[in-house]
Amino acid sequence: MGMSREILMEHLTEAFPEAEIILTDLAGDNDHWQAEIVSPQFAGVPRVKQHQLVYAALKGKMGGELHALALKTRAP
């Protein structure tokens, strides 16, 4: 099924409006993405918590519509 770049970006920009976000479709199937997110919201936040914030932004679609998401997160 997969999740389009537009929908994925919509979820991420809604949760991280000031972030720089780069999406890469790793397999060309809209189902295996890599997201590089640089957000001020990540300042002082442990990496595990950063990733949890990203998964929360996907509103339960991780593992369903979106099969795999490789994350690179950091503060500016």
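Normalised by the number of residues in the stretch 7-47, the mean separation of alpha-carbon contacts (under 8 Å, six or more apart) gives a relative contact order of 33 percent.
Convex hull volume of the Cα atoms of the stretch 34-76, normalised per residue: 59 Å³. Segment A75..E20, full-extension length gain: 18.8 nm, with 0.36 nm per residue of separation and the alpha-carbon distance subtracted. Within a straight-line Cα-Cα reach of under 14 Å, K61 can be paired with the following aspartates and glutamates, leaving aside sequence neighbours fewer than 8 residues apart in one chain: E10, D31. Protection proxy ranking, highest mean first, for peptides 59-67, 43-51: 59-67, 43-51, where packing is the per-residue count of other beta-carbon atoms within 10 Å, averaged.
For V48 and A27, the FRET efficiency from 1/(1 + (r/R0)^6), where r spans their Cβ atoms and R0 equals 22 Å, is about 0.30. Go ahead and run the numbers for FRET between E10 and H67, Cβ-Cβ distance against an R0 of 30 Å, rounding to 0.05. Result of the calculation: an efficiency of 0.95.
Every number here is computed from the coordinates shown, using simple stated rules; none is lab data. In this text, all values refer to a predicted model and were calculated from it rather than measured experimentally. When we count neighbours, we look across all protein chains shown, and the Cβ atoms used for this are built from the backbone with ideal geometry, even at glycine.
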